[in-house]
Amino acid sequence: MRRFPTILILAALALGLALPPLASARDNDIDKVNGSVQVDAGQQVGDVSTVNGSVRIAGGASVHEASTVNGSVELGDKAQASKLGTVNGAISLGSASRVSGEVNAVNGRIQLARGAEVGGRVENVNGAIMLDGAHVAGGIGTVGGDITVGADSRVEGGILVEKPNNGWFRWGNERKPVIVIGPHAVVQGTLEFRREVVLKVSDSAQIGPVKGATVEKFSGATP
């Protein structure tokens, strides 16, 4: 799996490692420690970050990057961002929201509501990834999480489930991830599985080549 540049920075913060100060900061950036951050509806700000707190971006608001350690990131309906990231927390994208770049999480689920769109890659290490009529242009990746590409969702860039890393980090999850491609969903690109998974694909879905797994077809709304 690709590296997680934003997530590694956040992980360093979580571990208490010293990081060099940013060379410059915009006047409308928001940085906080030990507390949550709220971006109000319609507001436009720069980078938003916190430690030990959540980031909530209300409907119609716009931010550059939003990140946290030990907290969730919530992007409201029709809100926009260039990148979202968290360590030890969930990420949720509201209806018709848009992220132009990547969405990264470590130890947290990622959920995209109907009409949500991500221009980059969506990936985590542990935690479910769920699309409900959403669009991901840069592919999906995980190590130990389940993936649901729900009905009418669309993914370009394929799917990658990486094997657990036995190096510095040990993800150590023996459970097989469950990958579901729902009715009328489309996954373009290779679906590659470097560990054992359960792969269930709707008979009305369209998918690319499959490596490392056997497709189990299903009919109806769910397997």
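The values are calculated or read from the model by the stated rules, or taken from the named source; none is laboratory data. Small disclaimer: the values here were computed from a predicted structure and weren't measured. Backbone-built Cβ (ideal geometry, glycine too); neighbour counts: all protein chains shown.
Which of the residues belonging to the stretch 213-223 are in contact (Cβ under 8 Å) with a residue 40 or more places away in the chain and more than 13 Å from V180 (Cβ to Cβ)? Walk me through it before giving the result.
At the first step, the residues of the stretch 213-223 found to be in contact (Cβ under 8 Å) with a residue 40 or more places away in the chain are 221-223.
The answer is none; no residue qualifies.
Does the stretch 108-129 include one or more residues that are free of Cβ contacts under 8 Å to residues at least 24 places away in the same chain, of a type in the set (A, V, I, L, M, F, W, C), assigned to a strand (DSSP E or B) and more than 21 Å from P164 (Cβ to Cβ)?
Checking the stretch 108-129: not a single residue is free of Cβ contacts under 8 Å to residues at least 24 places away in the same chain, of a type in the set (A, V, I, L, M, F, W, C), assigned to a strand (DSSP E or B) and more than 21 Å from P164 (Cβ to Cβ).
A12 - would you say it is touching a Leu at 6+ places or on another chain (Cβ under 9 Å), of a type in the set (A, V, I, L, M) and modelled with pLDDT of 95 or more?
Judged against the criteria, A12 is not a match.
If you check N124 against the conditions, is it modelled with pLDDT under 95 and under 15 Å from the mean Cα position of the chain (by Cα)? Quick ask: steps written out before the conclusion?
Numbers: modelled with pLDDT under 95: no; under 15 Å from the mean Cα position of the chain (by Cα): yes.
Taking the combined requirement at face value, the residue does not satisfy it.
Report every pair of residues separated by at least 6 positions or lying on different chains whose Cβ atoms are under 7 Å apart, first residue within the stretch 45-71 and over 15 Å from V33 (Cβ atoms), second of a type in the set (S, T, Y) and part of a loop (DSSP other than H, G, I, E, B).
Close Cβ pairs (under 7 Å, with a partner that is of a type in the set (S, T, Y) and part of a loop (DSSP other than H, G, I, E, B)) amount to R56/S36; H64/S82; E65/S82.
Please determine, by comparing only the residues of the stretch 42-81 that are in a loop (DSSP other than H, G, I, E, B) and among the polar types (S, T, N, Q), which one is nearest to I110 (Cα to Cα). Even if it seems obvious, please write down each step before you answer.
Our first condition is that a residue be in a loop (DSSP other than H, G, I, E, B); within the stretch 42-81, this holds for 42-43, 45-47, 52-54, 58-61, 63-64, 70-72, 76-79.
Those still in the list that are among the polar types (S, T, N, Q) too: 43, 52, 54, 70, 72.
Details: Q43: 24, N52: 19, S54: 14, N70: 15, S72: 10 Å.
For the stretch 42-81, the residue satisfying everything is S72.
Determine whether G141 is of a type outside the set (V, I, T), farther than 19 Å from H184 by Cα and in a loop (DSSP other than H, G, I, E, B). Walk me through it before giving the result.
Working: of a type outside the set (V, I, T): yes; farther than 19 Å from H184 by Cα: yes; in a loop (DSSP other than H, G, I, E, B): no.
So G141 does not fit the description; no.
Whether any residue in the stretch 139-153 is within 20 Å of A105 (Cα to Cα) and without any contact (Cβ under 8 Å) to a residue 24 or more places away in the chain is what I want to check.
yes
Can you run down the residue pairs with Cβ atoms below 7 Å, 6 or more apart or on separate chains, where the first is in the stretch 191-203 and at negative phi and assigned to a loop (DSSP other than H, G, I, E, B) and the partner is crowded, with 22+ Cβ neighbours inside 10 Å and among the hydrophobic types (A, V, I, L, M, F, W, C)?
From residues that are at negative phi and assigned to a loop (DSSP other than H, G, I, E, B), the pairs are R194/V161; R195/V161; V197/V161; V197/I179.
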